[in-house]
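Working notes for the structure below.
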Amino acid sequence: MYKAVVIDLDGTLLNDKKKTGKKDFQTLRELGKKKIVRIIATGRSLFSFNEVIYNDFPIDYLIFDAGGGIINFKTKEIIKANFLPAEDVKYIANKLCELKIDFQVRDVIPDSHRYFYRRFSDYNPDFDRLNMLYKNYSTELNDFNMLCDASRFIAISPTDEIVKIITEEFTEYSIIRASSPIDNKSVWMEIYPKNVNKGSSLKFLCNELKISMSETLGLGNDYNDIEFLNIIGKSFIVSNAPEILKEKYTISVSNNENPLTEIINNNLNS
């Protein structure tokens with residue numbers, strides 16, 4: 001019945017220790033033996049993904065940067081890479097500066113772990129922590145002439161006040177909300193080229209693979225999974241997902257209890 005399985009990474013396939021459960025790892029192997037396409041859809045950059053997942057992990061395709069790019073995980077060929085042109089990048093950066101919102105502007109794929117940043121707020125520990133983690137790849141933005149094409153913007157705030165601001169100010173772009181993978185509390189509002197998200201990239205990939213969306217099964221846990229959860233054949237979320245997602249999707253076990261194995265056993269192996 002299902003030809004592809006789509007799984008979010010942080011807070012879903014990865015447990016709280018940033019590891020894949022032993023049962024879920026074996027389930028991924030079994031899916032491969034059954035010729036079911038295994039797809040991870042993550043908000044992480046390629047660089048960040050490779051920090052937690054090793055090179056021969058048992059998946060077939062990776063949707064990364066929340067839909068900004070797609071890679072054949074076995075051949076390492078980048079199938080699709082979206083970007084914001086320099087003119088748009090400068091416009092967005094200027095507007096975010098006017099709004100005095102802390103932001104990063106990420107380099108084009110595959111180097112989207114490198115970024116320029118501007119900081120305005122008195123308190124934003126998540127932003128500072130991220131800059132410390134990526135201190136070798138980040139540069140303070142002092143001159144707009146430094147800007148060129150980019151993969152995305154990430155605006156970060158300890159509160160959700162920026163959700164409405166970013167959504168209303170940048171209507172001509174794709175706006176994706178995510179919970180911070182750093183402190184799991186701060187709000188990340190990401191700005192992409194129009195129509196870029198996990199769902200649109202999944203639809204593109206499945207079309208290339210001649211797989212109908214009705215033949216897909218998926219598991220997510222956060223706001224940036226909504227676009228793909230809305231279009232797949234059968235969608236699930238883990239029990240640690242935000243309450244607003246629990247109102248709409250079927251709830252599985254927590255990310256610490258091998259949630260992939262549970263939904264596969266109940267839907268493919270029954």
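Descriptive notes on the structure:
- Residue in region 143-156 that is closer than 19 Å to residue 242 by Cα and out of contact with any strand residue (DSSP E or B) (no Cβ under 6 Å at 6 or more places or on another chain) present: no
- Filter result (surrounded by 17 or more Cβ atoms within 10 Å (Cβ to Cβ) and not hydroxyl-bearing (Ser, Thr, Tyr)) within region 26-51: 28, 31, 36, 37, 38, 39, 40, 41, 43, 44, 46, 49
- Residues in region 134-143 that are surrounded by fewer than 13 Cβ atoms within 10 Å (Cβ to Cβ) and either within 20 Å of the chain's Cα centre (by Cα) or in contact (Cβ under 8 Å) with a residue 24 or more places away in the chain (or both): 139, 140.
- Subset tally (residues that are surrounded by 13 or more Cβ atoms within 10 Å (Cβ to Cβ) and on the phi > 0 side of the Ramachandran plot) for region 52-87: 3
- Considering region 1-25, and only residues there that are without any contact (Cβ under 8 Å) to a residue 60 or more places away in the chain and surrounded by fewer than 16 Cβ atoms within 10 Å (Cβ to Cβ), the residue that is farthest from residue 41 (Cα to Cα) turns out to be 17.
- Check on residue 155, crowded, with 23+ Cβ neighbours inside 10 Å and either of a type in the set (Ser, Thr, Tyr) or under 20 Å from the mean Cα position of the chain (by Cα) (or both): yes
- Filter result for the condition that a residue is under 18 Å from the mean Cα position of the chain (by Cα) and either outside the structural domain of residue 154 (by TED's automatic domain parsing) or at pLDDT 95 or above (or both), over 111, 128: 111
Okay, residues lined up against (1) out of contact with any Asp or Glu (no Cβ under 8 Å at 6 or more places or on another chain); (2) closer than 20 Å to residue 67 by Cα; (3) of a type outside the set (A, V, I, L, M, F, W, C):
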site	(1), (2), (3)
140	yes, no, yes
143	yes, no, yes
181	no, yes, yes
225	no, yes, yes
236	yes, yes, no
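- In region 108-127, the condition of being closer than 24 Å to residue 195 by Cα, buried (at least 17 other Cβ atoms within 10 Å of the Cβ) and aliphatic (A, V, I, L, M) is met by at least one residue.
- Among the residues of region 154-165, not one is in a helix (DSSP H, G or I) and in contact with a Phe, Trp or Tyr (Cβ under 7 Å, 6 or more places away or on another chain).
- For beta carbons closer than 6 Å, sequence separation of 6+ or different chains, a first residue in region 247-270 that is in the same structural domain as residue 21 (by TED's automatic domain parsing) and a second that is of a type in the set (D, E, K, R) and modelled with pLDDT of 95 or more, the qualifying pairs are 252/262; 253/262; 258/23; 258/24; 260/24; 261/23; 261/24.
- Only helices (runs of 4 or more DSSP H) whose full extent lies in region 169-270 are considered here, and the ones with at least 1 residues that are hydroxyl-bearing (Ser, Thr, Tyr) and surrounded by fewer than 21 Cβ atoms within 10 Å (Cβ to Cβ) are 198-208.
- Search result, residues across region 106-133 that are free of Cβ contacts under 8 Å to residues at least 24 places away in the same chain and within 21 Å of residue 66 (Cβ to Cβ): 131
The values are calculated or read from the model by the stated rules, or taken from the named source; none is laboratory data. If you're wondering where the values come from, they're calculated on a predicted model, not measured in any experiment. Every residue, glycine among them, receives a Cβ derived from its backbone with ideal geometry; neighbour counts consider all protein chains shown.
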